[in-house]
Amino acid sequence: MDQNTTSSSSAIVIIGSGLAGYTVIREIRKLDKTIPITLVTKEPGYFYSKPMLSTALAGNKEASQLVSTPADGMASQLEINILALTDVNAINSSKQIISTSHGDVAYRKLVLALGADQICPSVQGNAAHEMFTVNDLEDYAKFREAIQGKKKVAILGAGLIGCEFANDLVLGGFGVDVIDLASHSLGRLIPETAASELQNKLSAIGVRWHFNTTVQSIDRVNQQLSITLANGTVISSDVALSAVGLKPRVDLAQAAGITTGIGIQVNRELETNQPNIYALGDCAEVEGLVLPYVMPIMQAARALAVTLTGQRTALTYPAMPVMVKTPALATIVSPPAKGAVGEWKNKPIEGGLEARFESADGKLLGFVLMGTATAQRGALTKELPAILT
Ligand SMILES: Cc1cc2nc3c(=O)[nH]c(=O)nc-3n(C[C@H](O)[C@H](O)[C@H](O)COP(=O)(O)OP(=O)(O)OC[C@H]3O[C@@H](n4cnc5c(N)ncnc54)[C@H](O)[C@@H]3O)c2cc1C
């Protein structure tokens with residue numbers, strides 16, 4: 001699989017075979033069927049839907065069952081060259097070359113779609129290293145293997161991913177403890193009243209909550225994990241999963257002199273500060289915003305494809321609500337922008353809850369819809385201001 005820097009080098013090189021990498025390629029192909037594209041990825045190059053990772057355990061799905069298209073199928077469908085199981089180690093932005101574990105690859109345009117790492121907090125104890133994170137198919141396979149034949153899972157983090165795993169694992173027959181520093185679930189996204197609704201529904205199917213505390217140590221005692229919380233509670237569990245948040249992968253970019261903040265910083269055209277290098281997806285920070293969700297990636301991929309095929313195009317973000325995949329209580333969140341001034345107003349309705357975050361003059365700036373209220377998604381989304389105009 002050696003790839004040397006020759007005149008046949010691809011016009012466009014994409015690093016990363018996640019949703020961001022593949023979506024930008026799909027969008028480019030809608031506009032240009034022939035421009036040479038090379039995809040370089042650490043992964044096998046298959047396409048799978050990452051959001052399914054937090055809903056597939058209940059159905060006892062194997063990792064391989066979640067692959068929708070293998071690498072060779074993607075390569076022929078999109079007419080691209082895929083360098084799979086290939087690490088990109090460095091970017092030389094002046095020579096326009098990337099160094100990989102299989103040789104150098106030259107580019108005219110380079111797209112960083114590197115994703116993010118799940119954060120694994122450092123805790124004490126002889127089994128601290130046994131904490132799992134699930135952010136790709138390989139992680140999923142390892143986690144699934146670890147819980148085979150087991151009964152209890154402790155989840156650190158009651159955010160979107162933590163709640164989804166909690167619901168899925170309970171449906172899969174596991175006892176679940178969820179631990180979070182915040183006072184309620186989905187802490188940064190929704191108000192306490194709405195969070196209580198979700199917690200009550202998840203408690204009713206067996207989730208145990210531990211709020212306002214964190215994990216201090218994890219020790220293996222007689223085949224079990226003994227998890228000591230900062231509030232003194234000790235939980236006995238078989239497996240521990242961390243779902244406390246994501247850290248955009250910025251190291252490769254940073255080492256190449258690309259400006260980074262929380263993520264790889266790009267302008268509205270998704271350009272980094274280095275010529276011909278772009279970034280999108282979970283690794284990218286656009287005007288201070290890191291939005292690690294599907295909808296922002298689709299928007300960014302569409303705009304970037306137009307830019308890469310010759311017409312500089314600025315990214316816009318409409319309001320983009322996110323569905324929390326907790327079947328115990330259907331929930332859709334569209335949190336207000338950071339620093340937005342207003343207050344939450346709850347409107348309980350038959351079989352659901354509508355919580356609106358409104359400015360002093362009654363403008364809708366964010367919402368949470370639960371249960372039957374999720375039917376209002378379309379109407380309320382239209383009322384919301386765009387995130388980036
Ligand atoms: C469990 C879970 C559930 C989710 N559910 C939802 C949901 O319901 N709705 C929603 O909107 N969002 C959801 N998300 C978020 C959404 O899935 C992500 O925002 C999206 O998949 C990120 O895609 P990406 O391409 O940016 O990153 P990734 O999918 O992480 O892809 C990054 C790629 O870069 C490659 N890479 C990185 N560094 C290198 C290197 N040095 N060399 C070579 N290759 C490299 C990786 O191998 C990988 O192929 C969920 C996320 C998780 C983890």
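Quick note: the coordinates plus some simple rules give every number you see, no bench work behind them. Owing to the predicted nature of the structure, the values given are computational and were not obtained by experimental measurement. Cβ atoms come from the backbone with ideal geometry, glycine included; neighbour counts cover every protein chain shown.
Quick look at the values:
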{"read-out": "Antiparallel bridge percentage (DSSP; both residues within region 63-196; nearest 5)", "value": "60"}
{"read-out": "Subset of 151/345; 95/142; 50/382; 61/363 violating a 32 Å alpha-carbon distance limit", "value": "151/345; 95/142; 61/363"}
{"read-out": "DSSP-defined antiparallel bridges as percent of all bridges, region 120-242, nearest 5", "value": "40"}
{"read-out": "For the chain, size of Cβ-based charge dipole, Lys and Arg +1, Asp and Glu -1, in debye", "value": "520"}
{"read-out": "Under Karplus coefficients 6.51, -1.76 and 1.60, residue-wise ³J(HN,Hα) of region 71-80 in Hz, glycine/proline x", "value": "4, 5, x, 5, 4, 7, 4, 9, 6, 10"}
{"read-out": "Between helix 192-204 and the chain: long-axis angle, C-alpha atoms, 0 to 90°, nearest 10", "value": "80"}
{"read-out": "FRET efficiency, residue 171 to residue 209 (Cβ-Cβ, R0 22 Å, nearest 0.05)", "value": "0.80"}
{"read-out": "Extended-chain gain in nm, criterion 0.36 nm per residue less alpha-carbon gap, residue 79 and residue 251", "value": "58.9 nm"}
{"read-out": "Angle between the chain longest axis and helix 160-171 axis [Cα atoms, degrees, rounded to 10]", "value": "60"}
{"read-out": "Beta bridges by DSSP in the chain, antiparallel share as percent, to the nearest 5", "value": "60"}
{"read-out": "Rounded tilt (10° steps) of 137-147 against the dominant C-alpha axis of the chain", "value": "30"}
{"read-out": "Mean residue ellipticity (222 nm) of the chain, computed from DSSP H runs ≥ 4 via -39,500 (n - 2.57), nearest 500", "value": "-6500 deg cm²/dmol"}
